[in-house]
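Engineer: This is the structure I want to talk about, given as structure tokens.
The values are calculated or read from the model by the stated rules, or taken from the named source; none is laboratory data. Everything quoted here is computed from the prediction, not taken from an experiment. In this analysis, Cβ positions are derived from the backbone assuming ideal geometry, glycine residues included, and neighbour counts consider all displayed protein chains. Note: accessible area is taken over every heavy atom of the protein model, side chains too, but ligands, DNA and RNA are not part of it. Shrake-Rupley method; radii C 1.70, N 1.55, O 1.52, S 1.80 Å.
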Amino acid sequence: MKAAGFTPLIAATLGALSVAAVAATTPPPALPAGWQARIASLLPLAGQSATLLERRPSISTLELEWQVASAGGDPDVLRQITLSAARGIAPTYDKRLNISQEDFKRYIVFQNTLASTGKTFRLNVTRDASRVTFGDGAYMNGVLKGVSIDLKTGEMRGPEGFTARPVAVPANDDPDRGLLVRSGFQWRMIGNNAQIGNGVRGTLNLLQLASGRVVLSYTRKSMIDRKVDDFERELIVEYSR
């Protein structure tokens, strides 16, 4: 059963989980006034109903269509290419497009989109006036287990023993740049302690989309007690607040 109001395929690339998210090489935007209340309003409630999302590859031909139309290329050939791309089939160059093969390759964009898995479940979350703590449960696969966020300081703490502070994610109203984001926050968790054998590299995004719904994602690779998780794990969910 799908969550009410959910769009099966979000009409934007997953770039917002990296592009709209703050790059490590640029100074992060200042946290907005009232950011603590904003974080609290976006984080899930106890027993929050959420829809599990996943990354799916897609092919964008929008730029190709513009260029071929400008060059007077064969519209029937272009139509067949766009139909194939919509089915996930990599397009093949045809000289009747009236552009060079090099330009053809340049205008075909391979990207990821967010799509619903059709699985709706309740997040294992405990919450009080000062902290939100994640547990584990169906479809969560241990990704967020032991992660908590202090609602007063904004500090995120993971089971590996490291902490991170939030930075603001800039709004985005350009679909070519990723998800249409109204506002959001990101935590980048990076730490290593050779003495106790713990380490982590993770990124948590909390984004309110232009639709009003919230996307929460956490991608991490970690080591606890010298036991290294062999996989980079990711959980992406969407819910209403």
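Engineer: Scale the Cα Rg of the range 115-241 by the rule-of-thumb value 2.2 N^0.38 Å and send over the ratio, two decimals.
Structural biologist: 1.09
Engineer: Can you give the relative contact order of the chain as a percent, counting alpha carbon pairs under 8 Å and 6+ residues apart?
Structural biologist: Result for the chain is 23 percent.
Engineer: Could you go through the range 37-43 in sequence order and give the Karplus-derived ³J(HN,Hα) for each residue, using 6.51 cos²θ - 1.76 cosθ + 1.60 with θ = phi - 60°, rounded to whole Hz, and x for Gly and Pro?
Structural biologist: Here the 3J(HN,Hα) series is 5, 5, 4, 4, 6, 9, 5 Hz.
Engineer: How large is ³J(HN,Hα), in whole Hz, for each residue of the range 150-162 in order, when computed from phi with the Karplus curve 6.51 cos²θ - 1.76 cosθ + 1.60 and θ = phi - 60°, using x for Gly and Pro?
Structural biologist: 3J(HN,Hα) across the range 150-162, in whole Hz: 7, 6, 8, 9, x, 6, 9, 10, x, x, 6, x, 9.
Engineer: Normalise the Cα radius of gyration of the range 63-166 by 2.2 N^0.38 Å (N = residues in it) and let me know the number.
Structural biologist: Relative to the rule-of-thumb radius for its length, the range 63-166 sits at 1.87.
Engineer: How compact and how long is the range 27-88, expressed as Rg and Dmax of its alpha-carbon atoms in Å?
Structural biologist: Spelled out, the Cα radius of gyration and Dmax of the range 27-88 are 21.7, 57 Å.
Engineer: Please list the non-local residues whose amide H lies under 5 Å from the amide H of Arg131, H modeled 1.01 Å from N, same-chain partners needing a gap of 5 or more.
Structural biologist: Counting only residues 5 or more places away or on other chains, the set is Leu151.
Engineer: Among Ala71, Gly191, Leu151, pick out the residue whose Cα is farthest towards the positive end of the charge dipole of the chain, where Lys and Arg carry +1 and Asp and Glu carry -1 on C-beta, about the Cα centre.
Structural biologist: Leu151
Engineer: Which whole-number value in Å³ per residue fits the convex hull of the alpha carbons of the chain?
Structural biologist: Numbers: hull volume 37.4 nm³, N = 241.
Per-residue hull volume (Cα only) is 155 Å³.
Engineer: Based only on the alpha carbon positions, what is the Kirkwood hydrodynamic radius of the range 159-228, in angstrom? Don't skip to the answer; put the middle values down first.
Structural biologist: Values: mean 1/r = 0.0743 Å⁻¹.
Taking every pair of different Cα atoms in the range 159-228, averaging 1/r and inverting gives 13.5 Å.
Engineer: Just the number, please: carbon plus sulfur as a percent of the accessible area of the range 48-99, 1.4 Å probe, no ligands or DNA/RNA counted.
Structural biologist: The nonpolar share, carbon plus sulfur, comes to 50 percent.
Engineer: Follow-up. Counting helices only, and only those DSSP H runs with n ≥ 4, report the 222 nm mean residue ellipticity of the chain as the sum of -39,500 (n - 2.57) divided by its residues, in deg cm²/dmol to the nearest 500. Intermediate results must be reported in sequence, preceding the final value.
Structural biologist: Working: 4 runs with 37 residues, N = 241.
Estimated from H runs of four or more residues: -4500 deg cm²/dmol.
Engineer: Using the Karplus equation 6.51 cos²θ - 1.76 cosθ + 1.60 (θ = phi - 60°), what ³J(HN,Hα) coupling, rounded to whole Hz, does each residue of the range 116-127 give in order, writing x for Gly and Pro?
Structural biologist: 6, 8, x, 9, 10, 8, 9, 5, 7, 9, 10, 8
Engineer: Same structure again: Using amide H atoms built 1.01 Å from N in the peptide plane, name the residues 5+ places from Met189, or on other chains, whose amide H lies under 5 Å from its own.
Structural biologist: Residues meeting the amide H criterion: Gly202, Thr203, Leu204.
Engineer: Something else now. For the chain, report the accessible area per residue in Å² (1.4 Å probe, heavy atoms, rounded to an integer).
Structural biologist: With all protein chains present, the chain gives 52 Å² per residue.
Engineer: Long-range amide H contacts for Ser183: which residues qualify at under 5 Å (H placed 1.01 Å from N, peptide plane, sequence gap of 5 or more or a different chain)?
Structural biologist: Gln208
Engineer: Gaussian network model of the chain, Cα springs within a sub-10 Å range: biggest mean-square fluctuation belongs to which of Thr203, Thr153, Thr51?
Structural biologist: Of Thr203, Thr153, Thr51, the Gaussian network model singles out Thr153 as fluctuating most.
Engineer: Which residue, Glu54, Glu65, Glu102, has the most motion in a Gaussian network model of the chain that connects Cα atoms within less than 10 Å?
Structural biologist: Among Glu54, Glu65, Glu102, the largest GNM mean-square fluctuation belongs to Glu102.
Engineer: Kirkwood hydrodynamic radius, computed over distinct alpha-carbon pairs, for the range 58-115: how many Å, to one decimal? Provide the component values of the computation, followed by the final result.
Structural biologist: Values: mean 1/r = 0.0881 Å⁻¹.
Result for the range 58-115 stands at 11.3 Å.
Engineer: What whole-number volume per residue, in cubic angstrom, does the convex hull of the C-alpha atoms of the range 99-141 give? Could the numbers behind the result be given before it?
Structural biologist: On the way: hull volume 6.6 nm³, N = 43.
It comes to 153 Å³ per residue, whole-number rounded.
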